[in-house]
Amino acid sequence: MEKLIGIIKTGSNSEINVYLRVKDGGATVVFRSSTMGVEGSEVSFPLAMLVELKKIVNVLEEEFVEKGHSEEFETRNELKERRQIVFSHPSEEEFARILDFYQIKWEYEPRTFPIEWDEDGNVTESFTPDFYLPEQDLYIELTTLKQSLVTKKNRKVRRLKELYPDVNIKIFYGRDYMKLLEKFDARKKGID
């Protein structure tokens, strides 16, 4: 099954059609060129790699601004001020505030790791840890007390460690996160 999800005009008679293709339980994003209604070449990538594509687009946008090719932004700072991080859960936003308070450099969801592939080598499952602390070379994954999510994330972290043994990752479970919040609140109030 293929569903058209967008059209990018590249000229008066040409465009790139963007499709979501679902086949054999896997999903892919397809970019297919079209000139005067005649379809041409296509490029596709697994939907699991969408996070990586977003990062590449952000870097390209920064380069365009830096070189003065952007019609939307004049400076890189203006671009960064207008581009806000959208956290998946309020706990992630709070965790980022804690890291900022302690002046710990962090990146939000900076890398996606493929962890499962089909028989054709297509990525069928990936894992994107919530935070990366570059000075500690450490990935952090936050999880809640909801057991189904804890089990799923534990499995993904185990698989990540099997495939990428040099990657350092720590899971913050609900109880760990609550203890961290208690200490942070005490520090902010000057109790500690």
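The values are calculated or read from the model by the stated rules, or taken from the named source; none is laboratory data. What you see is a predicted model, and the numbers here were worked out from it, not measured in a lab. A quick note on method: Cβ atoms are made from the backbone with ideal geometry, for glycine too, and the neighbour counts reach across all protein chains shown. Heads up: the accessible areas ignore ligands, DNA and RNA and are worked out on the full protein's heavy atoms, side chains in. Shrake-Rupley method; radii C 1.70, N 1.55, O 1.52, S 1.80 Å.
So the values come out like this:
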quantity	calculated
Filter result (surrounded by 12 or more Cβ atoms within 10 Å (Cβ to Cβ) and either under 21 Å from Ile16 (Cα atoms) or at pLDDT 80 or above (or both)) within the stretch 71-91	Phe87, Ser88, His89, Ser91
The stretch 159-170 residues that are over 20 Å from Thr124 (Cβ atoms), paired with ones that are of a type outside the set (Asp, Glu) and assigned to a loop (DSSP other than H, G, I, E, B) (beta carbon under 8 Å, 6 or more apart)	Asn168/Gln136; Ile169/Pro129
Residue list for the stretch 27-64, filter: touching a Leu at 6+ places or on another chain (Cβ under 8 Å) and under 23 Å from Val123 (Cβ atoms)	Ala27, Thr28, Val29, Val30, Phe45, Leu47
Checking Glu107 against (1) in contact with a Phe, Trp or Tyr (Cβ under 8 Å, 6 or more places away or on another chain); (2) free of Cβ contacts under 8 Å to residues at least 40 places away in the same chain; (3) closer than 30 Å to Asp24 by Cβ; (4) of a type in the set (D, E, K, R), the condition it does not meet	(3)
Of the criteria (1) touching a residue at least 12 places away in the same chain (Cβ under 8 Å); (2) touching an Asp or Glu at 6+ places or on another chain (Cβ under 8 Å); (3) farther than 20 Å from Asp130 by Cα; (4) not acidic (Asp, Glu), which one Ser70 fails	(1)
Test result for Thr124, in contact (Cβ under 8 Å) with a residue 12 or more places away in the chain, surrounded by 12 or more Cβ atoms within 10 Å (Cβ to Cβ) and closer than 25 Å to Val22 by Cα	yes
Complete set of residues in the stretch 39-66 that are modelled with pLDDT of 85 or more and open to solvent by 70 Å² or more (accessible area, probe 1.4 Å)	Ser41, Glu42, Val43
Residue that is most open to solvent (accessible area, probe 1.4 Å), among those in the stretch 92-113 that are aromatic (Phe, Trp, Tyr) and assigned to a loop (DSSP other than H, G, I, E, B)	Tyr102
Pick from the stretch 7-26, criterion of a type in the set (Gly, Ala, Ser) and either more than 29 Å from Arg111 (Cβ to Cβ) or at pLDDT 85 or above (or both), ranking: surrounded by the most Cβ atoms within 10 Å (Cβ to Cβ)	Ser14
Only listed residue being free of Cβ contacts under 8 Å to residues at least 24 places away in the same chain and assigned to a helix (DSSP H, G or I), chosen from Lys3, Lys54	Lys54
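A quick yes/no check of all residues on (1) assigned to a loop (DSSP other than H, G, I, E, B); (2) over 17 Å from the mean Cα position of the chain (by Cα):
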| site | (1), (2) |
| --- | --- |
| Ile7 | no, yes |
| Asn17 | no, yes |
| Thr28 | no, no |
| Ser44 | no, yes |
| Val59 | no, no |
| Val65 | no, yes |
| Ser88 | yes, no |
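Results for (1) of a type in the set (A, V, I, L, M); (2) within 16 Å of the chain's Cα centre (by Cα), shown as yes or no for each residue.
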| residue | (1), (2) |
| --- | --- |
| Glu107 | no, yes |
| Arg111 | no, yes |
| Ile115 | yes, yes |
| Glu119 | no, no |
| Phe131 | no, yes |
| Asp137 | no, no |
| Ile140 | yes, yes |
| Leu181 | yes, no |
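Matching residues to (1) among the basic types (Lys, Arg); (2) in contact with a strand residue (DSSP E or B) (Cβ under 8 Å, 6 or more places away or on another chain); (3) under 23 Å from Pro129 (Cα atoms):
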position: Met1; (1), (2), (3): no, yes, no
position: Ser33; (1), (2), (3): no, yes, no
position: Met49; (1), (2), (3): no, yes, yes
position: Glu62; (1), (2), (3): no, no, no
